[in-house]
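Reviewing the structure listed below.
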Amino acid sequence: MLEIENLINWAIKNNIPEPDLDEIANEGLNPHAYFLSHGGGFPRDKYDLINNMYVLKLDNSKVEYLPKEIGSLTKLKTINLSDNNIQTLPDEICDLENLEILDISNNDISKLPTNIVQLKKLKVFIFRGNQNLKLTSTQEDWMKQFKKDCQYGY
């Protein structure tokens with residue numbers, strides 16, 4: 001549970017807004033179901049983070065890093081980190097066995113976690129705009145196969 005508390009503290013420290021659950025409810029949406037499809041902001045409720053967080057949308061949020069505790073959000077299917085100031089991804093992002101969409105475009109990422117090739121459910125990978133990105137030979141081989149089988153961004 002300490003990992004979840006660390007994630008919440010990271011969100012607060014980085015001024016990532018909490019979704020306005022009252023506004024969501026006023027729109028007729030179930031606040032918990034909202035996290036299944038929309039993902040705007042970062043909930044501070046531990047239950048929502050563990051059980052309902054399927055989409056993490058932090059595009060253009062001035063985020064400089066993603067904490068290693070992100071690997072504890074195992075239900076995540078979509079992560080959008082585009083247009084930030086991220087230089088590296090934590091290895092723990094590879095623990096997200098349900099991850100289907102990963103957008104890291106327009107950051108300053110120079111290398112990917114070695115085990116990114118282990119993300120078996122990944123279907124969309126957008127990485128354009130990371131000018132210094134260097135892939136290992138294993139990642140290059142994975143990327144060639146990925147381009148044949150899935151959607152990708154360059």
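Taking segment 26-50 only, how many residues are assigned to a helix (DSSP H, G or I), at pLDDT below 70 and in contact with a helix residue (DSSP H, G or I) (Cβ under 9 Å, 6 or more places away or on another chain)?
Going through segment 26-50 one residue at a time, the tally reaches 6.
Residue by residue, here is whether (1) on the phi > 0 side of the Ramachandran plot; (2) open to solvent by less than 40 Å² (accessible area, probe 1.4 Å); (3) part of a helix (DSSP H, G or I); (4) not polar (S, T, N, Q) holds:
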{"residue": "Ser105", "(1), (2), (3), (4)": "no, yes, no, no"}
{"residue": "Val117", "(1), (2), (3), (4)": "no, yes, yes, yes"}
{"residue": "Lys121", "(1), (2), (3), (4)": "no, no, no, yes"}
{"residue": "Asn130", "(1), (2), (3), (4)": "no, yes, no, no"}
{"residue": "Met143", "(1), (2), (3), (4)": "no, yes, yes, yes"}
{"residue": "Lys147", "(1), (2), (3), (4)": "no, no, yes, yes"}
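Is there a residue in segment 76-95 that is surrounded by fewer than 17 Cβ atoms within 10 Å (Cβ to Cβ) and in contact with a Cys (Cβ under 6 Å, 6 or more places away or on another chain)?
There is no residue in segment 76-95 that is surrounded by fewer than 17 Cβ atoms within 10 Å (Cβ to Cβ) and in contact with a Cys (Cβ under 6 Å, 6 or more places away or on another chain).
How many residues are touching a helix residue (DSSP H, G or I) at 6+ places or on another chain (Cβ under 8 Å) and open to solvent by 30 Å² or more (accessible area, probe 1.4 Å) when one looks only at segment 52-68?
Qualifying residue count for the region: 2.
What pairs can you find where one residue is in segment 1-23 and over 16 Å from Asn80 (Cα atoms), the other is part of a helix (DSSP H, G or I) and of a type in the set (S, T, N, Q), and their Cβ atoms are less than 8 Å apart, with a gap of 6+ or different chains?
If the second residue must be part of a helix (DSSP H, G or I) and of a type in the set (S, T, N, Q), the pairs left are Glu3/Ser72; Ile4/Ser72; Leu7/Ser72.
Quick one: which of Leu58, Leu49, Leu73, Leu66 is within 23 Å of Glu18 (Cβ to Cβ), touching a residue at least 60 places away in the same chain (Cβ under 8 Å) and of a type outside the set (Gly, Ala, Ser)? Full working, then the answer.
Values: Leu58 fails: touching a residue at least 60 places away in the same chain (Cβ under 8 Å); Leu49 fails: touching a residue at least 60 places away in the same chain (Cβ under 8 Å); Leu66 fails: touching a residue at least 60 places away in the same chain (Cβ under 8 Å).
The conditions single out Leu73.
Any chance segment 62-80 includes a residue that's in contact with a Ser or Thr (Cβ under 7 Å, 6 or more places away or on another chain) and of a type in the set (Gly, Ala, Ser)?
For segment 62-80, residues in contact with a Ser or Thr (Cβ under 7 Å, 6 or more places away or on another chain) and of a type in the set (Gly, Ala, Ser): absent.
The values are calculated or read from the model by the stated rules, or taken from the named source; none is laboratory data. Remember, it's a predicted structure, so these values are computed and weren't measured experimentally. Methodologically, a virtual Cβ is constructed for each residue, glycine included, from the backbone with ideal geometry; neighbour enumeration extends over all protein chains shown. Ligands, DNA and RNA are stripped out before the accessible areas are found, and what is left, the full protein with its side chains, is counted by its heavy atoms. Shrake-Rupley method; radii C 1.70, N 1.55, O 1.52, S 1.80 Å.
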